Amino acid sequence: MTQVTFPPPFIPAGDAARQLRQGGYAALAPADVARWIGCDLSDLMDLGADWATLPPDEFLRDGGRYRRRRHACFVVQGKQLRQAPHRAHWQPVEYNALHGGMERWFAPMEPATVAKPVWRQLLLALAGVSDAVFAGQDSPVAWFVEAHQFRIDTTDGIGRPTPEGAHRDGVDLVAVFLVRREGVKGGETRVFEAATPGGQRFTLAQPWSLLLLDDARMVHESTPILPLAEGGYRDTLVLTCRRGNFQGADVPGQGAAQS
């Protein structure tokens, strides 16, 4: 059976902030992602080796074994970047009906990865577009950034990138980088306006293509993946930016930093 896919509505890197303000989301092709970050595309490709050794996600409430991940937190303000102490990932149930309300302590990102110059460039670029879209005259503000490395595989026949379904994340900006996909079909990205019926569907397929989302305005999901070959998988990097604090930091007993 022929697989029908829709190409992403890529825009030039310089139009990302304007498109986010006007449409609520923006998609960038890999070359424009590298241009936006200020690096060579090969530097981003070199990050991809990390995904081969991600540990299993032990918190899947649907009983699945298809997701592996690492997690890290950072604070970015202007050109200042610091890594925060490792902490639980926490979301309220209104944003994640499947996994909300629970502390999820994922394995931390590898120190060698977060020490790479391209990682710093990536986070500074993300904070910069967040300033441009959300901060206005208050720019630059402190952005509390959570980084999630995901591998969704098809070991059990199907992998679910978003088992919670269509959702928002409870942050200001969401960035979804497609790191790599091999031997799978599906994984279609679906973006909907939270307040209207409008929406868009497309498939991120090129390594280091990017979707940026205004989380307050847009609901998003990725459809399940199915194997085209043994060992198929889909790797993504998801970064979220939030003003004020990390999600859960203001909830007593939840999301506390690890001492």
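The values are calculated or read from the model by the stated rules, or taken from the named source; none is laboratory data. Since we're looking at a predicted model, the values are computed, not measured. Note: ideal-geometry Cβ built from the backbone for every residue, glycine included; neighbour counts use all protein chains shown. Remember, those area values only see protein heavy atoms, side chains included, never the ligands or the DNA or RNA. Shrake-Rupley method; radii C 1.70, N 1.55, O 1.52, S 1.80 Å.
Observations on the model:
- Region 149-201: proportion of alpha-carbon pairs further apart than 17 angstrom, %: 48 percent
- Region 1-100 - percent of accessible surface contributed by carbon and sulfur, probe 1.4 Å: 51 percent
- Using the Cα coordinates of region 1-83, the gyration tensor eigenvalues translate into equivalent-ellipsoid semi-axes of 27, 23, 16 Å, sorted from longest to shortest.
- Accessible surface calculations at 1.4 Å, restricted to protein heavy atoms, place region 7-68 at 49 Å² per residue.
- With the biggest extent put first, the Cα atoms of region 6-154 measure 42, 37, 34 Å across the principal axes.
- With the simple model of a label 7 Å out from the Cα in the direction of the Cβ, ALA195 to ASP62 spans 3.1 nm.
- Expected 222 nm ellipticity per residue - DSSP helices of 4 or more, -39500 (n - 2.57), all of the chain, to 500: -4500 deg cm²/dmol
- Descending Cα extents along the principal axes, region 97-155, whole Å: 47, 33, 22
- From the largest down, the chain spans 53, 41, 40 angstrom on the principal axes of its Cα atoms.
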